[in-house]
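Note sheet for the following structure.
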Amino acid sequence: MTPAPNPQPVPEAQIIISPTSDRLQVLEPFSRFTGDEFTNLRVLVKVKGKCTTDHISAAGKWLKYKGHLENIANNTLIGAMNAETDEVNVVYDYEGDGKGLSIPDLGRRWKSRGQEWLVVAEHNYGEGSAREHASLQVRYLGGRIVLVKSFARIHETNLKKQGVLPLTFVDEKDYDLINACDEVDTQGIREMINSGGQGGGEVVLKVTKKNGAVKEIRCRHTMSKDQVRWFVNGSAINRDV
């Protein structure tokens, strides 16, 4: 019997998804990094205690939305505890009326006004199953940095793949110096890009508090040459486009 020929790609083939589908959605590429540094980031949430991939992207009923990033993003960090209030999935807008919002709702609000943000958390952030949506959703809603005491290794890599910069505190006690809604600028991103990563280095975060006081926090990155290219291009899937 003659073996069947190997299937060949058909670049001109169209993928048609119903615009009313709530389970499938075309994945749009993330934007490239075009600046020298991040400026005017805000802390979306400071997380207390354990924060696994299930806290970041819950399973259960949400799994039906794995093909629809906009919908599954509605569960982003809903299991996370606010370090300042001990509330789960409740955060506050620095321009708000003092009423609590869910973490994904605040992320969407900030995304709509062009406000990029970061997450601050404790040890072994992203432990658990290698759930890629836990990094995709953060990036989709406008997250650019995740700053923690330590990462689960696979999740750290997944963040890099989506163009999110994972940082760890040089001094873990500096976790106490940064709070929700603080304004954050970076120093060292340009050096990281120009040097090609080289497997690690430091980035300094300039943190401006509500009262105008400024704190500087030294952080480490573990970006390799390939991972820096992912970051600049917006994600690993963008590669050199």
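Anything in the stretch 66-103 that is closer than 21 Å to GLU183 by Cα and in a strand (DSSP E or B)? List them, or say none.
Those that are closer than 21 Å to GLU183 by Cα and in a strand (DSSP E or B): MET81, ASN82, VAL91, LEU101.
Condition first: of a type outside the set (Ser, Thr, Tyr) and either under 14 Å from TRP230 (Cα atoms) or in a helix (DSSP H, G or I) (or both). Now tell me which residues in the stretch 183-197 satisfy that.
ILE189, ARG190, GLU191, MET192, ILE193, ASN194, GLY196, GLY197, listed by residue number.
Filtering the stretch 86-118 down to residues that are among the acidic types (Asp, Glu) and over 23 Å from LEU165 (Cβ atoms), which residue is surrounded by the fewest Cβ atoms within 10 Å (Cβ to Cβ)?
That would be ASP97.
Pairs needed: first member in the stretch 80-108, farther than 17 Å from ARG42 by Cα; second member anywhere, acidic (Asp, Glu) and surrounded by fewer than 18 Cβ atoms within 10 Å (Cβ to Cβ); C-beta distance under 8 Å; at least 6 residues apart or different chains.
From the stretch 80-108, the pairs are MET81/GLU87.
Failed condition for VAL203, given (1) more than 16 Å from the chain's Cα centre (by Cα); (2) within 26 Å of GLU28 (Cα to Cα); (3) modelled with pLDDT of 95 or more, with all others met?
Just one mismatch for VAL203, condition (2).
For the structure I just gave you, tell me whether ALA134 is within 15 Å of ASN158 (Cα to Cα) and part of a helix (DSSP H, G or I).
Judged against the criteria, ALA134 is a match.
If I filter the stretch 37-65 down to residues being hydroxyl-bearing (Ser, Thr, Tyr) and part of a loop (DSSP other than H, G, I, E, B), which single residue comes out as surrounded by the most Cβ atoms within 10 Å (Cβ to Cβ)?
THR52
Restricting the first residue to the stretch 229-241 and requiring it to be in a loop (DSSP other than H, G, I, E, B) and modelled with pLDDT of 95 or more, which pairs with a second residue that is of a type outside the set (Lys, Arg) and surrounded by fewer than 16 Cβ atoms within 10 Å (Cβ to Cβ) meet a Cβ separation below 9 Å and a spacing of at least six or different chains?
From the stretch 229-241, the pairs are GLY234/PRO29; GLY234/SER31; GLY234/VAL241; SER235/PRO29.
Just checking, which of LEU106, LEU159, LEU167 is closer than 20 Å to GLY197 by Cα, among the hydrophobic types (A, V, I, L, M, F, W, C) and part of a helix (DSSP H, G or I)?
LEU159
Which residue pairs have Cβ atoms closer than 9 Å, lie 6 or more positions apart in sequence or on different chains, and pair a first residue in the stretch 9-26 that is in contact (Cβ under 8 Å) with a residue 12 or more places away in the chain and closer than 14 Å to GLY67 by Cα with a second residue that is surrounded by 10 or more Cβ atoms within 10 Å (Cβ to Cβ) and acidic (Asp, Glu)?
GLN25/GLU70
In the stretch 188-214, what count of residues is obtained for those that are of a type in the set (Lys, Arg) and surrounded by 15 or more Cβ atoms within 10 Å (Cβ to Cβ)?
The number of residues fulfilling the criteria is 1.
Kindly evaluate THR34 against the criterion of being surrounded by fewer than 19 Cβ atoms within 10 Å (Cβ to Cβ) and within 18 Å of GLN162 (Cα to Cα).
Yes; evaluated as a whole, the condition is true for this residue.
Listed residues ARG139, ARG131, ARG144; which is modelled with pLDDT under 95, at negative phi, crowded, with 19+ Cβ neighbours inside 10 Å and under 15 Å from the mean Cα position of the chain (by Cα)?
ARG131 is the lone residue from the list that is modelled with pLDDT under 95, at negative phi, crowded, with 19+ Cβ neighbours inside 10 Å and under 15 Å from the mean Cα position of the chain (by Cα).
Looking at the stretch 10-44 only, could you name the residues that are under 20 Å from ARG108 (Cβ atoms) and aliphatic (A, V, I, L, M)?
VAL26, LEU27, LEU41, VAL43, LEU44
The values are calculated or read from the model by the stated rules, or taken from the named source; none is laboratory data. Nothing here was measured: the structure is a model prediction, and the numbers come from that model. Ideal geometry is used to build each Cβ from the backbone, glycine not excepted, and the neighbour counts take in all protein chains shown.
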